[in-house]
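Chemist: Quick one: this structure, given as structure tokens, is what I'll be asking you about.
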Amino acid sequence: MGDFARRAAAVLWADWVFALLAAGPALAGPELTVAMSIAPQRCLVERIAGPEVRALVVVAPGQSPVTYEPSARQLAEVVQADLYFSIGVPFERHWLARLRELAPELPVVDQGEGIQRRPMDADHRHEHAGHHGEVEALDPHIWLAPQLLRQQADRILVALETRHPSAAAALRARHAALVTELNALDEALRERLSLHRGRSFVVFHPTYGYFADAYGLHQLAIELDGKAPSARHLASLLDRLEQLEDPVVLVQAQFGAPVARKVAAAAGVRTLEVDPLSPDCIASLSRLGDLLTEHFDAR
């Protein structure tokens, strides 16, 4: 082969490799990039979207969505997304305003739209400031009850169909399978916990209010107004624990775990490790039901 032929072959080879590398990700990758605030949202989004989506989660593992500060790198990634699902956690108050300013074309969908939010426990609230001054904080933890996950799944389906109408049939099939699973989980939890209605559990941060409401349980929070508890509040809580029938302390990795363990030790009650921000929100709720049932059954 002459020099000209070799040079021509080399150019053609380089052009082919460049075209392959440039086209590969677009052909093989997901159709949509969807960003969201916390890991439990990813559980629903990926179950419905399947391979059609690349999911970006803002709050890093082990971090609290109350105080999290997204990095500049995360912001740069999120502004390139096709869709953002919000859920109402505290850090979004500032984050979403910043996001809308930098990416006004990015659709931001409230995953929990239409859900009736419960107030945070009366003496365990985060303070909000509304247009008319301070208002009572509403509980953002809507991913911690199966019946609320069903409502969110419906909202996610509509948003994904709007952005990716060609995949509507596949999206609806996966959504139907997810709803069937959530219905089965709800039924199983009701059956498991039906004999323990009225029982109590303790948490540092009042995370499981919707779960407690759904299954007739009572949640007691160590935290006071979103802050570490005072000595007076701790003394009152310990007095109350003495009057309850075999309460249990749920230790959350992201929220005041050392304080929760100290309260359990002082009260002489059992602790159970839980993760309200587990990326598998369905398995996490099933596990919580198992832990509480096993504890209450043993007493």
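The values are calculated or read from the model by the stated rules, or taken from the named source; none is laboratory data. Owing to the predicted nature of the structure, the values given are computational and were not obtained by experimental measurement. Here Cβ is always computed from backbone atoms with ideal geometry, including for glycine, and neighbour counts include all displayed protein chains.
Chemist: State whether one or more residues within the stretch 180-195 are within 25 Å of Val109 (Cβ to Cβ) and over 22 Å from the mean Cα position of the chain (by Cα).
Modeler: no
Chemist: Just to be sure before I move on: is His131 modelled with pLDDT under 95 and either of a type in the set (D, E, K, R) or within 30 Å of Leu234 (Cα to Cα) (or both) in the structure I sent? Step through it out loud before you land on a result.
Modeler: Values: modelled with pLDDT under 95: yes; either of a type in the set (D, E, K, R) or within 30 Å of Leu234 (Cα to Cα) (or both): no.
The answer is no for His131.
Chemist: What tally of residues in the stretch 67-108 results from selecting those that are in contact with a helix residue (DSSP H, G or I) (Cβ under 7 Å, 6 or more places away or on another chain), among the aliphatic types (A, V, I, L, M) and within 14 Å of Ile38 (Cα to Cα)?
Modeler: 2
Chemist: List pairs: first residue in the stretch 274-299 and within 13 Å of Ala188 (Cα to Cα), second residue part of a loop (DSSP other than H, G, I, E, B) anywhere in the structure, Cβ distance under 7 angstrom, at least six positions apart or on different chains.
Modeler: Final answer for the pair search is Leu285/Leu144.
Chemist: Tell me whether the stretch 58-80 contains one or more residues that are surrounded by fewer than 20 Cβ atoms within 10 Å (Cβ to Cβ), modelled with pLDDT under 90 and either on the phi > 0 side of the Ramachandran plot or assigned by TED's automatic domain parsing to the domain that holds Asp275 (or both).
Modeler: Looking for residues that are surrounded by fewer than 20 Cβ atoms within 10 Å (Cβ to Cβ), modelled with pLDDT under 90 and either on the phi > 0 side of the Ramachandran plot or assigned by TED's automatic domain parsing to the domain that holds Asp275 (or both), one finds at least one in the stretch 58-80, hence yes.
Chemist: Output the residue which, of all residues in the stretch 35-57 that are in contact with a Lys or Arg (Cβ under 7 Å, 6 or more places away or on another chain) and either outside the structural domain of Pro107 (by TED's automatic domain parsing) or surrounded by 17 or more Cβ atoms within 10 Å (Cβ to Cβ) (or both), is nearest to Ala153 (Cα to Cα). Can you show your working first?
Modeler: Going through the stretch 35-57, the residues in contact with a Lys or Arg (Cβ under 7 Å, 6 or more places away or on another chain) turn out to be 36, 47-48, 50, 55, 57.
Still in the list and also either outside the structural domain of Pro107 (by TED's automatic domain parsing) or surrounded by 17 or more Cβ atoms within 10 Å (Cβ to Cβ) (or both): 36, 47-48, 55, 57.
On the way: Met36: 14, Arg47: 9, Ile48: 8, Ala55: 16, Val57: 17 Å.
My answer is Ile48.
Chemist: Within the stretch 223-243, restricting attention to residues that are more than 16 Å from Gly268 (Cβ to Cβ) and touching a helix residue (DSSP H, G or I) at 6+ places or on another chain (Cβ under 8 Å), which residue is surrounded by the most Cβ atoms within 10 Å (Cβ to Cβ)?
Modeler: Start the filter on the stretch 223-243 by keeping residues that are more than 16 Å from Gly268 (Cβ to Cβ), which leaves 223-233, 236.
Cutting the leftovers down to touching a helix residue (DSSP H, G or I) at 6+ places or on another chain (Cβ under 8 Å) gives us 224, 228-229.
Details: Leu224: 17, Ala228: 13, Pro229: 20.
Looking at residues that are more than 16 Å from Gly268 (Cβ to Cβ) and touching a helix residue (DSSP H, G or I) at 6+ places or on another chain (Cβ under 8 Å), I get Pro229.
Chemist: Another question about this same structure. Mind listing just one residue for me: the one in the stretch 257-283 that is modelled with pLDDT under 90 and buried (at least 20 other Cβ atoms within 10 Å of the Cβ) and, of those, nearest to Gly226 (Cα to Cα)?
Modeler: Per the criteria, the residue is Ala260.
Chemist: Is at least one residue of the stretch 194-213 loosely packed, with under 12 Cβ neighbours inside 10 Å and over 24 Å from Met120 (Cβ atoms)?
Modeler: At the first step, the residues of the stretch 194-213 found to be loosely packed, with under 12 Cβ neighbours inside 10 Å are 194-195, 197-198.
Of the ones still in play, those that are also over 24 Å from Met120 (Cβ atoms) are 194-195.
Within the stretch 194-213 (the criterion being loosely packed, with under 12 Cβ neighbours inside 10 Å and over 24 Å from Met120 (Cβ atoms)), the answer is yes, since at least one residue qualifies.
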